[in-house]
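**Q** Handing you this structure, nothing more for now.
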Amino acid sequence: MKSQTLSGMMTRFKDEAACKAFLQERRWPNGVTCPRCNNPKVFALKSRPFHWVCKGKTCGKRNGYRFSVISKTIFENTNYPLKTWFQVIYLMLSSKKGISALQIQRLIGSGAYRTAWYMCHRIRAAMKDGGFTKLMGEVEVDETFIGGKWKNKHVSVRRKGEGSNGPHGKIAVIGAIARKGNVVAQIIEKVNAETLQGFVKQTVSENVSLVATDEHTGYKGLSKSGYPHQSVSHAKGEYVRGNVHTANLDSFWSLLKRGVVGTYHKVSKDYLPLYLAEFSYRHNNRKNANVFNDVIAEC
């Protein structure tokens, strides 16, 4: 991403054939296989480039199952060419604080806002790190709250009582970050000891050298579980004590909130996990020069 500019990418993927060839290479690096039954014995259709037919037992046998390079991908059943999709993926990966669907709509000239919104959410769903491993080294764990105050929400939302699981009706989010490593973030329904400690056990290895948190009472049982836990008291004005702090995770929360407030303006609880996945993926692949290729492979 650092060496590839937008103009360079557009030159590289100048037409649909170039985009399809790249997608085929990234999707099937070891040869084309059937997306329905994973059968490697497929036959290319000479009359239709980037189309194949599978005659496996579970794919119709004699009649076969016909598929293309975009079958079973996020690009299937859309009216926009791959070149446009690739441009949107590039813009989302290179925008540190995210890029809104409205801005995408302006750039690609889509007729409806919902089209750009749909494309962005499909791409966010493809941003996933394969083979999750528990965090190691020095790890910081902290929670934050996303959203506006409950009193400022629309009266119809307040009557339903939906989306309020934190202070002032905000959405509670917990995260863990390995210093100079990856970050994991997810929505939580309750900010209590069971939830907080359960998240740590799920995402953090027991062989870490430090688990740093704030003074929240929900983390007090970590030491009994075998974690080298230490905390700082923000209420007493203590933010750093030696190597005990949550500064790295606070920086990630700040970036996330700047994106929500400055770029998206409003994020619902239903779709917040996708935005968390997007920001986490960009952070975890900040030094990955092949991040664009990896996203295309996951599409």
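**Q** Could you go through the range 67-74 and let me know if any residue there is in contact with a Gly (Cβ under 9 Å, 6 or more places away or on another chain) and not charged (D, E, K, R).
**A** no
**Q** A follow-up question, please. Is it true that some residue in the range 68-76 is in contact with a strand residue (DSSP E or B) (Cβ under 7 Å, 6 or more places away or on another chain) and assigned to a loop (DSSP other than H, G, I, E, B)?
**A** no
**Q** Considering only the range 205-228, I want to know if a residue exists there that is without any contact (Cβ under 8 Å) to a residue 24 or more places away in the chain, surrounded by 13 or more Cβ atoms within 10 Å (Cβ to Cβ), closer than 25 Å to Ile171 by Cβ and of a type outside the set (Asp, Glu).
**A** No: zero hits.
**Q** If only one of Asn165, Asn207 is assigned by TED's automatic domain parsing to the domain that holds Gly147 and either at pLDDT 90 or above or among the small types (Gly, Ala, Ser) (or both), which one is it?
**A** Asn207
**Q** Does any residue of the range 229-239 turn out to be touching a residue at least 40 places away in the same chain (Cβ under 8 Å) and not in a strand (DSSP E or B)?
**A** no
**Q** Has the range 261-274 got at least one residue that is among the β-branched types (Val, Ile, Thr), closer than 28 Å to Glu194 by Cα and surrounded by 15 or more Cβ atoms within 10 Å (Cβ to Cβ)?
**A** Yes, that holds for at least one residue.
**Q** With respect to the numbered conditions (1) touching a residue at least 24 places away in the same chain (Cβ under 8 Å); (2) under 23 Å from Phe75 (Cα atoms), which one is the sole condition not fulfilled by Val267?
**A** (2)
**Q** I'd like to verify a number: residues in the range 119-136 that are surrounded by 14 or more Cβ atoms within 10 Å (Cβ to Cβ) and either of a type in the set (Ser, Thr, Tyr) or part of a loop (DSSP other than H, G, I, E, B) (or both), how many?
**A** 4
**Q** Is it true that Val141 is modelled with pLDDT of 85 or more and either surrounded by fewer than 14 Cβ atoms within 10 Å (Cβ to Cβ) or more than 30 Å from Ile89 (Cβ to Cβ) (or both)?
**A** yes
**Q** From the list Lys20, Lys61, Lys46, which residue is surrounded by 12 or more Cβ atoms within 10 Å (Cβ to Cβ) and among the charged types (D, E, K, R)?
**A** None of the others qualify; the one that does is Lys20.
The values are calculated or read from the model by the stated rules, or taken from the named source; none is laboratory data. No experiment lies behind these values; they were computed from the predicted model shown. So basically every Cβ, Gly included, is an ideal-geometry build from the backbone, and we count neighbours across all protein chains shown.
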